[in-house]
Structure formats: C-alpha cells, structure tokens
Amino acid sequence: MTMRKKPVQFKPFKRTTFAFQKLTYCRRCGTFSILKEQVCSVCHKKTPIPVERQAELVAAKSLRIDALIAVFLFLAGVLLARTSVESIAMILCGLILLTLLFLFQRKWRKSFFLFHLDNMFHKQLPQIKAGLLRNSQSIVRDRDAGQERIAYEKLREIGTLLRSDPIRKLKLIFLNQFYLRKDMDLEMDSLIMREFDPDLVDYIGTIARIRKDLIKKRTLRYVTRYQIEIAKLPGGENILIDVAGCALRTKPYIDQFRSLIIGQMRKLPKERFLRLCKMLHQREGYDWDDLYARAQAVCEEQYHWDPDFSKFF
C-alpha cells in the first residue's frame, strides 16, 4: 500500500558563500551550533553569534593589544629620555612607528581576521564536532515527536558541513514522506550518493516531474551509471523516461548523456521528442549522427503521419 505523503511548508533555506558561515558561537559557554538559535541551547544565557563575528572580535582584540604595547613603549621611551633632544627624537620616532603600525594594521586587518578564523577552526575542532553532534541529537527528538519537517530542516543545515551519505540518506527518508511541490525550495545535487539507493531514485523521479531545472549534470551522471538497476525498480522505467527528458534542456547534456537519451527515445512524450528533433536539426558543431539516425527511425515508426515532424527528416 502506498504511504500517504504529508503536505508541508519548508522555512526558507539561507544559502551562504561558505559552509562555515552557518556556524554560530556562544561567547559565554564556548559551544558551537549550526542551527539558528535565539538563546544558546546549552547555557540558556546568551544569543550565539556567527563564527565570523567571533573571529573579528578576537582579531580586533589582538590588534588593540599590539597598539597598547606600542603606545606603552613610546611613552616609556619619552619618560626615560635624559635630555630634551632625546625626548624630541623619541617623540618623532614614536609617532612615526605608531603611524606605520596603524597603516600596517589597517592594510592587513582582513588577513588578521582570516588567521584567527582559521586558528579557531583548528584549535576548537573538537568543540565544533560536539556542537554538531548535539544538533544531530535534537533531530532524533524531533522525529520521535512527529516533527519530521523540523527534523529535515535541521538535517539540511547540518548537511552543509557534514557531507556524507548517511546524512543524505536520512534527508531522503524524510523528503520521500512529504508531498513536494514545484514552488518549494528543494535540493538535488547535494543528495547524490556514491552507491545505488532506491530512496534517492524515488526522489529523483519526483524532482524530474516537478522541478526539471534541478536535474543537472551530477544527477544525470548518477542515473546514467545506474540505468540497469533503476529499470528493475517499480516505476523505474518512467523515472528513466522523465530524467532523459530533462537531459534535453541543453545541447551539452544531450552530447554527454546520449546513451541515456537513446535508450529512452522511443518512450519519450511527444513534446520532449519534438524538442530533441529541433535540437538535432540545429546540431552544428556536434557529432550526433547516431542520435539523428535513431531519431529518424523513431519518427518514421511513430510520427510519420504528424506534420510537426515533417520538416526535420
């Protein structure tokens, strides 16, 4: 019996340039988290801040200490001067050195920030891992409480840092329980696994129907690699047909995944086969003689009566 899927509405997923930008840090207890929290889930005292902000604060503190040391040495030199000439010389030298220090710090401020950010990740890697483990444990509690949507949303956040097949598998188990729509912010490439997986194939089939634009090179490579295994699954032939139709979006896809297209060409819906014929008709720069010959045979067999195809062959 087919499992009834749950209608859901996902919260907007915020994408960042780098995965680490999703990490937050509690300045009171020193814990890390990848989940957006209003109050630290460990100490319940402070609002965690982005790790970049923490690195900026540490770098700024280090620069202030260097500046204070330079000012102290400058004042000490002036106070220890025995003559007015020495005092003037120390003042001039001190001002020059402080100016150079200020210019140096301003120019290399970003480098100082990156150094402290990298240092934080290396020195506090165990704390970061502990924070991600704590986040993962909260997913189990959400699942047991029947909050599958919240559990998936947390998994998606964690998956930006922990890119492993077990995490992908868990996300797929949740996603295949939901009724998915084309207006949702869905993921595809980030779910591709190394080995054949029926849950992944099921999800690919859904995406191929509702969000063809998400079927890209990585997914097409996966489907091409496991064509035989997919064909043996219930509904697998239909998934292969839908994915082959998605491969017709661009000429480079047609060129790279021609074996998938040739294998499903006779079963393509008319509108997808018509698109293929149009692309083959404008094939300058591509060696598609095999595709052209196969398409011509399919056209003569199935569409010889259809005027839409008369101009192509």
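The values are calculated or read from the model by the stated rules, or taken from the named source; none is laboratory data. All figures in this text were calculated on a predicted structure; none of them were measured in a lab. Here Cβ is always computed from backbone atoms with ideal geometry, including for glycine, and neighbour counts include all displayed protein chains. Please note that ligands, DNA and RNA were not included when accessible areas were found on the heavy atoms of the full protein model with its side chains. Shrake-Rupley method; radii C 1.70, N 1.55, O 1.52, S 1.80 Å.
Going 7 Å from the Cα of L97 toward and past its Cβ, which residues in region 45-65 have a backbone nitrogen under 20 Å from where you end up?
Taking a point 7 Å out along Cα→Cβ of L97, the residues of region 45-65 whose backbone N falls under 20 Å are 62-65.
Post the alpha-carbon centroid distance, region 135-206 to region 250-313, in whole angstrom.
Between the Cα centres of region 135-206 and region 250-313 lies a distance of 35 Å.
Among the listed pairs K5/K129; K14/K123; K5/K171, give every one whose C-alpha distance is greater than 23 Å.
Violating the 23 Å limit, Cα to Cα: K5/K129; K14/K123.
Determine the per residue accessible area of the chain with all protein chains present and a 1.4 angstrom probe, expressed in square angstrom.
59
Just to confirm a number: summing +1 for Lys and Arg and -1 for Asp and Glu over residues other than F20 whose beta-carbon lies under 12 angstrom from that of F20, what do you get?
-1
Considering Cα pairs under 8 angstrom that are at least six residues apart, work out the relative contact order of the chain and quote it in whole percent.
13
How big is the gap, in Å, between the Cα center of region 215-233 and the Cα center of region 1-41?
Going from one Cα centre to the other spans 30 Å.
Give a residue-ordered list of calculated ³J(HN,Hα) values for region 197-212 (Karplus: 6.51 cos²θ - 1.76 cosθ + 1.60, θ = phi - 60°; whole Hz; x for Gly, Pro).
3J(HN,Hα) across region 197-212, in whole Hz: 8, x, 5, 5, 4, 4, 5, 4, x, 5, 5, 5, 8, 9, 9, 4.
If amide hydrogens are placed 1.01 Å from N in the peptide plane, which non-local residues have theirs closer than 5 Å to the one on F178?
Here the answer is K6, since their amide H atoms fall under 5 Å of that of F178.
With a 10 Å radius around each residue's Cβ, average the other Cβ atoms per peptide and rank 236-242, 10-16, 207-213, highest first.
Top to bottom by mean Cβ count within 10 Å: 236-242, 207-213, 10-16.
Tell me the carbon and sulfur percent of the accessible area for region 55-160, rounded to whole percent, probe radius 1.4 Å.
Of the solvent-accessible surface of region 55-160, carbon and sulfur hold 69 percent.
Report, to the nearest 10°, how far helix 165-175 tilts away from the longest principal axis of the Cα atoms in the chain, using its own Cα long axis and a range of 0 to 90°.
Approximately 60 degrees, to the nearest ten.
Compute the acute angle (0 to 90°) between the alpha-carbon long axis of helix 148-159 and the principal axis of greatest extent of the alpha-carbon atoms of the chain; round to the nearest 10°.
60
Students often check this: by mean Cβ neighbours within 10 Å, which of 182-192, 155-165 ranks highest, and how do the rest follow?
155-165, 182-192
Report Rg/Rh for the chain, rounded to two decimals, where Rg is the Cα radius of gyration and Rh the Kirkwood radius.
My calculation puts Rg/Rh at 1.22.
Taking the 0 to 90 degree range and rounding to the nearest ten, how far is the long axis of helix 125-144 tilted relative to the main principal axis of the chain, both from C-alpha atoms?
That helix lies at roughly 50 degrees to the long axis.
What does the charge dipole of the chain about its Cα centre add up to, to the nearest 20 debye, if the Cβ of each Lys and Arg holds +1 and the Cβ of each Asp and Glu holds -1?
Roughly 1080 debye for the chain.
Strictly under 4.7 angstrom between C-beta atoms: which cysteines of the chain have no such partner?
Singleton cysteines: C93, C246, C277, C299.
Regarding region 56-155, what's the average projected area of the Cα-atom convex hull, expressed in nm²?
Average of the hull's projected areas for region 56-155 equals 9.1 nm².
Given an 8 Å cut-off on Cα distances and at least 6 residues of separation, report the relative contact order of region 21-107 as a percent.
Normalised by residue count, the contact order of region 21-107 is 19 percent.
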